[in-house]
């Protein structure tokens, strides 16, 4: 499973417009649509795209970022009403991702 993930990640990441993240046992592939990284099955008809367009540039009050909170994670939960999940890239680096009720993802 991990070897397959690494092979797919290397194949897709060589084309700069794709990224892959392992979330538990699931691999989610991302591509860029109008400046947003959304999962590959999402174009402009998913919550990740619509909420991302509205929420990614919104201001977050400084009080919500106290204690070194991740601005993307705070924005995901409070502005975009998503759930923060952690994905691992092909090198094992962690990335906060925003998961929505329609199973779409935003990076």
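The number of residues in the range 80-106 being crowded, with 19+ Cβ neighbours inside 10 Å and in contact with a helix residue (DSSP H, G or I) (Cβ under 9 Å, 6 or more places away or on another chain) comes to 9.
Scanning the range 61-87 for residues that are under 19 Å from residue 48 (Cβ atoms) and either in contact (Cβ under 8 Å) with a residue 40 or more places away in the chain or part of a loop (DSSP other than H, G, I, E, B) (or both) yields 70, 80, 81, 82, 85, 86, 87.
The residue that is farthest from residue 17 (Cα to Cα), among those in the range 45-55 that are in contact (Cβ under 8 Å) with a residue 12 or more places away in the chain and surrounded by fewer than 17 Cβ atoms within 10 Å (Cβ to Cβ), is 54. Each residue in the range 17-44 was checked for being more than 13 Å from residue 103 (Cβ to Cβ) and surrounded by fewer than 15 Cβ atoms within 10 Å (Cβ to Cβ), and 8 pass.
When the range 23-35 is filtered for residues that are modelled with pLDDT of 95 or more and in contact with a helix residue (DSSP H, G or I) (Cβ under 8 Å, 6 or more places away or on another chain), the ones remaining, listed by number, are 27, 29.
The values are calculated or read from the model by the stated rules, or taken from the named source; none is laboratory data. No experiment lies behind these values; they were computed from the predicted model shown. Glycine also receives a Cβ, built like all others from the backbone with ideal geometry; neighbour counts cover every protein chain displayed.
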